[in-house]
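One structure below.
The values are calculated or read from the model by the stated rules, or taken from the named source; none is laboratory data. Please read these numbers as outputs of a predicted model, since none were measured by experiment. FYI the Cβ positions are ideal-geometry reconstructions off the backbone, even for glycines, and counts take in every protein chain you see.
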Amino acid sequence: MCGIVGYIGSKKAVPVLINGLHCLEYRGYDSAGIAVLENKNIVVMKDKGRVANLDNISGINDLSSSIGIAHTRWATHGKPSQENSHPHMDNSNQFAIVHNGIIENYNELREFLSNNGYHFLSQTDTEVIPNLIHYHYTKGVSGKDTFLAAVKAAVDDLKGSYAIEVISNLFPDRVIVVRKDSPLVLGKGKEENYIASDIPAILSYTKDFYLLDDNEYAIISKDHIQFFDSNLVEHSKEVTTIEWDATAAEKNGYEHFMLKEIHEQPNAIRETINNRLQLGEKCTFEGLTITKEYLQSLNKICIVACGTAMHAGLVAKNIIEKLCRIPVEVDIASEFRYRDPIIDEKTLCIYISQSGETADTLAALKLSKSKGCKTLAISNVIGSSITREADFTVYTYAGPEIAVASTKAYTAQVSLLAVLAIHFAEILGSYAQDKLEELKADISRLPTKLETVLGLEKSIAEIAQKIYTEHDMYFLGRGTDYYVAMEGSLKVKELSYIHSEAYASGELKHGTIALIENGITVIGILTNPDLAPKSISNIQEVVSRGAKTFVVTNQELTNVSFDFVIRIPETNSLISPILSVVPFQLLAYYISTAKGLDVDKPRNLAKSVTVE
Ligand code: F6R
């Protein structure tokens, strides 16, 4: 979704801004633009299309300014076009802003401003903001800093979510920012400072970040940053140092980020489970203080997330229920928040989000807090919004995930949740310790086994070559394999644009089998020795109706024949998704490249879904 970059210092701002926008391309966008202060005027250059188009705008590389703001837009109000691209200016060209989020009351603010003589050049909700700042500034605002006071007066009129950057030619030595429900970080440099919606945009310049809170303002100048609360009372703020290596956000010789991230999975899992799981010792989670009494008091655990993160939650449900005997419900965040869920202080709510910024997940978390539940966030991004709202946070250490389609975050989430389930079981004493030790040993062997699965890449690429022209695919699995079917199907859909659906194997004959005809591709997952014979029967039913079959299994298959079989290493079936999902990540990747599609940025998708 939309991305923000900003710079103030002594370097030329334009290269920093454009480089930052390039780093944010993975979030998904349809237009880009910059605004800088040049010879006491604000110069805006923007267009629809790729960030690379900015380089073709005449004069952009001659701009010598060292203060500027920049934006990639993912259209919500008004189609992608030059006039709807950010930055937007007020009618007097004295204030320029970029904005992430949605202004819900923009119609009424537009009417108010129109009645006061303002006119609009775009269809965006954003354009009301610079005009409101101008309105309040010219009406007169009080305070030590009238620029800040005018921004605050405008922000007080807004309903919705926002991360906003503002520059003004009346105040050429500063950038003002504020946020609510949309991320914004400030990067601390030496005689220069940076602003971004996402850490990777400025990670090559600094590792020292301030994570702006909701309703917090900052004035950023070359030499210092001042922070203010919602009443403009100044306060100090701690720097957070981010350990990510800047090269982690680069492709390192891989053709696409997605392929690189698929290959990073063994390490992502090692990093995530290291220090938390040691054989022969109890699992530990730093900062997570959960007592036996608290776990015993729970009547259920709710796991809430979206998309792939929700699929990780489904796998965790089986593990937690098996080891802890606590009922687990798994919800899609956008449904959970509107279904009046029955939750209270006896419910532990676990929120899973790679980005930590997904709007529905964040809203659901706030809802459960208001109902008295304890909340536990699982995220890959330090200091992200859900981690700051939750009572507890445990991080996956997968490193930055840049490709829109989630891969290493999923396997890291499932590994972490498996260790968390063991941790809870050890606190509760709800499962035999020797069995838990066996499961720990299985988890610790996963990275090596995953390397074996990655070694099957060539065979999977060959299968992709044989099926990439298909129009429909059906994924089948039982138990945990069904959850992998859901994730595999999602990967194929989003990356290859092939219609694909996942079914619990036993459910197919209750309707969907009517769609099976000669040549249709059916993909089966068989990793649970107890359930495999039943699933094999279900796949035979589609074979006899002419389906082409592709099976991923860790079982010896005798007396059955499928068109394609990928054999993966065996492991405890509770955690088998960490291995069995990988062939489908690779399959989706190779189908997408065979079709010549944009693997890292599939159409219509955004990495971080910060609107409802
Ligand atoms: C699919 C995918 C999405 C995300 C979902 C939640 O490949 O990446 O389904 O899993 O948008 O995102 P996070 O985990 O950032 O909350």
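Couple of notes before you dig in:
- Candidate set from the stretch 511-556 (those that are in contact (Cβ under 8 Å) with a residue 60 or more places away in the chain and assigned to a helix (DSSP H, G or I)); member that is surrounded by the most Cβ atoms within 10 Å (Cβ to Cβ): 542
- Index of the failed condition, residue 129 passing every other in (1) in contact with a strand residue (DSSP E or B) (Cβ under 6 Å, 6 or more places away or on another chain); (2) more than 20 Å from residue 32 (Cβ to Cβ); (3) not aromatic (Phe, Trp, Tyr): (2)
- Residue match in the stretch 71-80 (condition: in contact with a Phe, Trp or Tyr (Cβ under 8 Å, 6 or more places away or on another chain), modelled with pLDDT of 95 or more and either more than 20 Å from residue 7 (Cα to Cα) or in a helix (DSSP H, G or I) (or both)): no
- The residues on offer are 51, 98, and the sole one that is in contact with a Leu (Cβ under 6 Å, 6 or more places away or on another chain), within 30 Å of residue 192 (Cβ to Cβ) and among the β-branched types (Val, Ile, Thr) is 51.
- Residue list for the stretch 572-599, filter: crowded, with 21+ Cβ neighbours inside 10 Å and in contact with a Lys or Arg (Cβ under 9 Å, 6 or more places away or on another chain): 574, 578, 579, 581, 584, 585, 587, 588, 589
- Any hit, the stretch 598-606, residues being within 12 Å of the ligand (Cβ to nearest atom), assigned to a helix (DSSP H, G or I) and closer than 30 Å to residue 3 by Cβ: no
- For residue 287, the requirement of being in contact (Cβ under 8 Å) with a residue 60 or more places away in the chain, surrounded by fewer than 16 Cβ atoms within 10 Å (Cβ to Cβ), more than 16 Å from the ligand (Cβ to nearest atom) and of a type in the set (Gly, Ala, Ser) is met.
Listed here are the residues, each with its yes/no results for (1) crowded, with 24+ Cβ neighbours inside 10 Å; (2) in contact with a strand residue (DSSP E or B) (Cβ under 7 Å, 6 or more places away or on another chain).
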{"position": "137", "(1), (2)": "no, no"}
{"position": "142", "(1), (2)": "no, no"}
{"position": "148", "(1), (2)": "no, yes"}
{"position": "155", "(1), (2)": "no, yes"}
{"position": "167", "(1), (2)": "yes, yes"}
{"position": "174", "(1), (2)": "no, yes"}
{"position": "182", "(1), (2)": "yes, yes"}
{"position": "198", "(1), (2)": "yes, yes"}
{"position": "206", "(1), (2)": "no, yes"}
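- Assessment of the stretch 277-293 against the conditions (more than 26 Å from the chain's Cα centre (by Cα) and assigned to a helix (DSSP H, G or I)) yields at least one matching residue.
- Screening residue 470 on (1) part of a helix (DSSP H, G or I); (2) surrounded by 15 or more Cβ atoms within 10 Å (Cβ to Cβ) shows it passes everything except condition (1).
- Residue among 469, 480 that alone is more than 24 Å from the chain's Cα centre (by Cα) and either away from the ligand (no atom under 16 Å from the Cβ) or closer than 18 Å to residue 268 by Cβ (or both): 469
- Only one entry in 375, 393 is within 29 Å of residue 431 (Cβ to Cβ) and either surrounded by fewer than 20 Cβ atoms within 10 Å (Cβ to Cβ) or without any contact (Cβ under 8 Å) to a residue 40 or more places away in the chain (or both), namely 375.
- Residues of the stretch 1-46 that are surrounded by 23 or more Cβ atoms within 10 Å (Cβ to Cβ), charged (D, E, K, R) and within 18 Å of the chain's Cα centre (by Cα): 27 alone.
- Screening residue 320 with (1) within 11 Å of the ligand (Cβ to nearest atom); (2) buried (at least 20 other Cβ atoms within 10 Å of the Cβ); (3) assigned to a helix (DSSP H, G or I) gives one miss only, at (1).
- Residue match in the stretch 365-375 (condition: closer than 23 Å to residue 198 by Cβ, modelled with pLDDT of 95 or more and either within 12 Å of the ligand (Cβ to nearest atom) or under 16 Å from the mean Cα position of the chain (by Cα) (or both)): yes
- Within the span defined as the stretch 339-348, every residue fails to be crowded, with 19+ Cβ neighbours inside 10 Å and under 17 Å from the mean Cα position of the chain (by Cα).
- The residues in the stretch 323-338 that are surrounded by fewer than 20 Cβ atoms within 10 Å (Cβ to Cβ) and within 16 Å of the ligand (Cβ to nearest atom) can be counted, and the count is 4.
- Residue check for residue 351: touching a residue at least 60 places away in the same chain (Cβ under 8 Å), buried (at least 19 other Cβ atoms within 10 Å of the Cβ) and within 16 Å of the ligand (Cβ to nearest atom): no
- The set of residues in the stretch 391-411 that are away from the ligand (no atom under 13 Å from the Cβ) and assigned to a loop (DSSP other than H, G, I, E, B) comprises 391, 397, 399.
- From 508, 436, 416, residue being assigned to a helix (DSSP H, G or I) and touching a Ser or Thr at 6+ places or on another chain (Cβ under 8 Å): 416
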